[in-house]
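Below: one structure, written as structure tokens.
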Amino acid sequence: MARINDTDDVIDTRTLTNAVTIVGVFSSGTSAREAARTLERAGFAPDRVGIVAGNVRQAREMAGSYSPQGALAGALLGALLAIAFVVFGGESVRQNPIAIVLGGAALIVAFAAIGWLAGRARVFKQDEYEEFEEHVEHGEVLLSVVCSTEDGAEQARVTLERAGATEIRLEKGSEVV
């Protein structure tokens, strides 16, 4: 699945490994929606623009997460645990290679899933979450834009600034609400 991005290059929409998210805080939903329309007219894909109003839990998503890193750490832990079972499990464990492969794969997948969920935990980005939550609790609206290039991020920042954002932040990662 390919399409044109914010700098007219063809990209794969399934992977945005070096993407950044620009988050703007608006005093009203009307100004945030107008900013979103301006971004779309400027060439930003609608699926890369998100608005959060009145949902404190969803506001946390604007700060991103450590989900991919947590999944990788979990998968590595699962692999190490599988190797430990084989090494310390004795001869009876080592005699069944199919069980080793199936059991090892199950441990890796399970620990990757646990790591993915743990990476989304509030404890890792407490300060960032609190700031976004407070904005939403006070009736402000958050608008996020995922940008695949530095030029796109700068264009989004300028657009949000001109649209009346009271605060603009750059978050590493490609999560959009």
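The values are calculated or read from the model by the stated rules, or taken from the named source; none is laboratory data. All of these numbers come straight from a predicted model, not from anything done at the bench. Because the Cβ atoms are built from the backbone with ideal geometry, glycine has one as well, and the counts that use them run over all protein chains shown. Note: areas computed on protein heavy atoms with side chains; ligands, DNA, RNA excluded. Shrake-Rupley method; radii C 1.70, N 1.55, O 1.52, S 1.80 Å.
Couplings 3J(HN,Hα) of segment 106-117, computed from phi: 4, 5, 5, 5, 4, 5, 5, 5, 5, x, 4, 5 Hz, in residue order, whole Hz [Karplus 6.51 cos²θ - 1.76 cosθ + 1.60, θ = phi - 60°; x for Gly and Pro].
Largest accessible area first, the listed residues E91, E40 line up as E91, E40 when surface is computed with a 1.4 Å probe on the assembled protein chains. Here each label is just a point 7 Å from Cα along the line to Cβ, and for A79 and E167 those points are 4.0 nm apart.
Annotation for V158 and E91: the two label points, set 7 Å from Cα along the Cα-Cβ direction, are 7.4 nm apart. Across segment 23-32, computed HN-Hα scalar couplings (Karplus, 6.51 cos²θ - 1.76 cosθ + 1.60, θ = phi - 60°) run 10, x, 9, 10, 6, 9, x, 4, 5, 5 Hz from first to last residue, x flagging Gly and Pro.
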